[in-house]
Amino acid sequence: MKRAFKNTILLILFLVETSLHAEGNKTDSLLKVLKSVKEDTNKVNVLNELSFECYYSGDYDKEMVYAQEAHTLAKKLGWQKGIAKSLNSLSNAFGDQGNYESALKMALNALKMNQDLNDKKGVASSYHNIGILYHQQGDFPAALKNYLSGLKLRKELGDKKGVSAGYNNIGLVFYYQGNFPEALKNFFSALKIHEELGNKRGMADAYNNIAAVYSEQKNYTESLKNNFLSLKLTLELDDKHGIANSYNNIGNVYSDQLNYVAALKNYTLALKLVYEMGDKKGIATAYSNIGNIYLYQKKYAEANENNLKGLSIRKEIGDIQGMAVSYNNLGEINFDTKKFGESKKYFEQGLTTSKKIGDMASLKLSYNGLSRVDSAQGNWQAAYQNYKLFVEFRDSLYNEENTRKSVQQQMQYDFDKKQTADSLIVADERKLNQVKFKQERTQRFALYSGLILVIVFAVFIFNRFKVTQKQKKVIELKEQETQLQKQMIEEKQKEILDSIRYAKRIQQSLLPTEKYIDKKMKELKK
């Protein structure tokens with residue numbers, strides 16, 4: 001029978017500013033700009049950008065350095081808006097290092113400055129970042145209050161990326177409170193906006209969080225599907241932080257399916273990445289997950305060692321939710337090795353910590369562990385009471401209504417996505433029809449133009465034919481006149497010649513002949 005304890009589900013909190021970034025690693029290009037930029041407001045913006053990029057790479061030391069440099073320069077310039085933004089950067093950096101007291105102080109100062117400046121965008125960012133700090137400390141009501149305030153302003157400003165970040169973090173609050181339908185509703189809302197904007201990094205994080213909900217509901221097929229979608233996108237982006245998250249969560253699903261070899265492989269890949277980045281929270285998560293696999297394999301010494309390492313880091317950075325998980329895991333290890341006193345101590349610590357943050361899933365596991373310890377020690381009444389509480393929390397998390405609503409959220413998302421796809425198809429068809437119409441109109445224009453040209457040419461040819469005919473007739477008349485004149489001349493010539501011939505004949509008839517003259521001349525000579 002599978003043990004009832006929780007593998008840590010690593011979910012993604014969105015810092016507002018980081019969610020507004022373009023995709024991909026911008027650090028190199030920002031460092032080049034930093035070398036050439038003057039000591040002005042532009043440099044403050046570049047330093048803040050670098051600070052936020054270091055969050056994604058897990059380099060929290062550099063995140064702090066750039067935030068401090070941005071704050072110092074903004075104060076030197078007297079640029080109030082830059083000072084407020086750098087305070088948010090410092091708040092994020094302190095939070096990533098587990099110094100929540102300093103982080104909250106910076107965030108509240110930034111909020112006041114942004115309110116004084118009437119900078120609604122800055123106020124929204126401050127609300128969001130304050131929400132994250134309360135979230136990281138397990139104060140979900142305070143976190144939700146600030147998230148909702150930030151979300152309202154983001155909607156008024158029409159800031160889609162900020163709205164998606166709000167939906168994501170609100171979804172996480174509902175997730176930890178065990179309200180999975182509301183968690184999915186918000187995660188899907190975030191995913192839809194990221195898809196509209198083509199924001200791959202945001203899509204990857206949304207898939208990751210959706211997968212976590214399905215994993216809690218034991219819908220492992222959908223969980224793996226979404227985890228692999230997240231991993232594919234983070235690999236494309238070379239986002240080591242996101243890749244490590246995906247490996248951890250894929251390992252969790254394989255662990256739940258009792259595929260310990262595949263689970264350990266993914267946890268080890270995650271641990272390697274988070275060590276490279278110096279991501280303490282990620283390192284603690286990986287140790288905890290690897291420790292759980294050793295527990296399943298009954299390698300208790302290794303299981304205990306890894307979980308204690310994870311717990312130590314979580315205490316160091318103030319990760320209360322992670323501490324609750326570690327306590328429950330150590331309770332399981334000691335229960336298996338029949339150290340019931342130690343086991344009960346850890347489960348009680350897990351219960352106390354879970355109550356602080358209202359983590360329903362951890363509460364369920366703590367009550368289950370205490371029920372089994374009490375039963376093993378023969379404390380039947382306490383065992384019964386703890387078991388009743390375990391069943392109560394279990395049923396609240398996995399009841400039929402929750403499952404039905406979760407399925408509805410998935411169906412609604414699929415339906416909306418299909419509608420969007422259909423509308424795009426209709427739009428494409430409309431564009432295609434418009435192109436066809438333009439082509440047909442062009443063809444008709446060409447045809448009509450051709451016909452007009454043919455008609456014009458035909459008229460021209462006809463006119464030329466008529467002119468030619470007229471000219472031909474004129475020429476024929478001229479020829480006829482010429483022929484007539486020729487005939488008249490020939491006749492005149494004939495008449496003249498005939499007259500000459502006639503006169504000649506008359507002359508010839510009147511004149512003596514040459515022989516007659518010769519004869520008369522001879523007679524005279526005699």
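Just a few scattered comments:
- Residues of segment 257-273 that turn out to be open to solvent by 30 Å² or more (accessible area, probe 1.4 Å), under 19 Å from residue 214 (Cα atoms) and in a helix (DSSP H, G or I), as a count: 0
- Hey, residue 164 modelled with pLDDT under 95, within 26 Å of residue 203 (Cα to Cα) and out of contact with any Phe, Trp or Tyr (no Cβ under 9 Å at 6 or more places or on another chain) or not: no
- Restricting segment 376-406 to residues that are of a type in the set (Gly, Ala, Ser) and at pLDDT 80 or above leaves a set whose member that is farthest from residue 188 (Cα to Cα) is 378.
- Residue 287 vs. criteria part of a helix (DSSP H, G or I) and over 29 Å from residue 134 (Cβ atoms): no
- Every test in (1) open to solvent by less than 10 Å² (accessible area, probe 1.4 Å); (2) free of Cβ contacts under 8 Å to residues at least 40 places away in the same chain is passed by residue 165 save one, and that test is (2).
- For segment 361-386, the set of residues classified as open to solvent by 70 Å² or more (accessible area, probe 1.4 Å) and not in a helix (DSSP H, G or I) consists of 377 only.
- Condition check for residue 332: in a helix (DSSP H, G or I), in contact with a Lys or Arg (Cβ under 9 Å, 6 or more places away or on another chain) and open to solvent by less than 20 Å² (accessible area, probe 1.4 Å): yes
- Single residue of segment 317-329 satisfying the filter (assigned to a helix (DSSP H, G or I) and in contact with a Lys or Arg (Cβ under 7 Å, 6 or more places away or on another chain)) that is surrounded by the most Cβ atoms within 10 Å (Cβ to Cβ): 325
- Residue that is nearest to residue 138 (Cα to Cα), among those in segment 347-360 that are of a type outside the set (S, T, N, Q), open to solvent by less than 10 Å² (accessible area, probe 1.4 Å) and in a helix (DSSP H, G or I): 357
- Per-region count, segment 294-311, residues surrounded by fewer than 23 Cβ atoms within 10 Å (Cβ to Cβ) and free of Cβ contacts under 8 Å to residues at least 40 places away in the same chain: 11
- Residue check, residue 46 over 17 Å from residue 125 (Cα atoms), open to solvent by less than 50 Å² (accessible area, probe 1.4 Å) and not acidic (Asp, Glu): yes
- Identity of the residue in segment 93-146, at pLDDT 90 or above, open to solvent by 40 Å² or more (accessible area, probe 1.4 Å) and part of a loop (DSSP other than H, G, I, E, B), that ends up nearest to residue 65 (Cα to Cα): 117
- When residues of segment 203-255 are limited to those that are outside any helix (DSSP H, G or I) and modelled with pLDDT under 90, the one surrounded by the most Cβ atoms within 10 Å (Cβ to Cβ): 239
- Out of 218, 281, 272, 240, one residue alone is over 25 Å from residue 329 (Cβ atoms) and of a type outside the set (Gly, Ala, Ser). It is 240.
- Residues (part of a helix (DSSP H, G or I) and either open to solvent by less than 10 Å² (accessible area, probe 1.4 Å) or out of contact with any Phe, Trp or Tyr (no Cβ under 7 Å at 6 or more places or on another chain) (or both)) located in segment 335-346: 335, 340, 341, 342, 343, 344, 345
- Only one of the numbered conditions (1) touching a residue at least 40 places away in the same chain (Cβ under 8 Å); (2) over 30 Å from residue 28 (Cα atoms) is not met by residue 147, and that is (1).
- Any hit, segment 410-432, residues being more than 19 Å from residue 180 (Cβ to Cβ), modelled with pLDDT of 85 or more, open to solvent by less than 50 Å² (accessible area, probe 1.4 Å) and of a type in the set (A, V, I, L, M, F, W, C): no
- Any hit, segment 63-72, residues being open to solvent by 30 Å² or more (accessible area, probe 1.4 Å), hydrophobic (A, V, I, L, M, F, W, C) and in a helix (DSSP H, G or I): yes
The values are calculated or read from the model by the stated rules, or taken from the named source; none is laboratory data. None of the values given here were measured: they were computed from a predicted structure. Please note: Cβ atoms are built from the backbone with ideal geometry, for glycine as well, and neighbour counts cover all protein chains shown. With ligands, DNA and RNA removed, areas are computed over all heavy atoms of the protein, side chains included. Shrake-Rupley method; radii C 1.70, N 1.55, O 1.52, S 1.80 Å.
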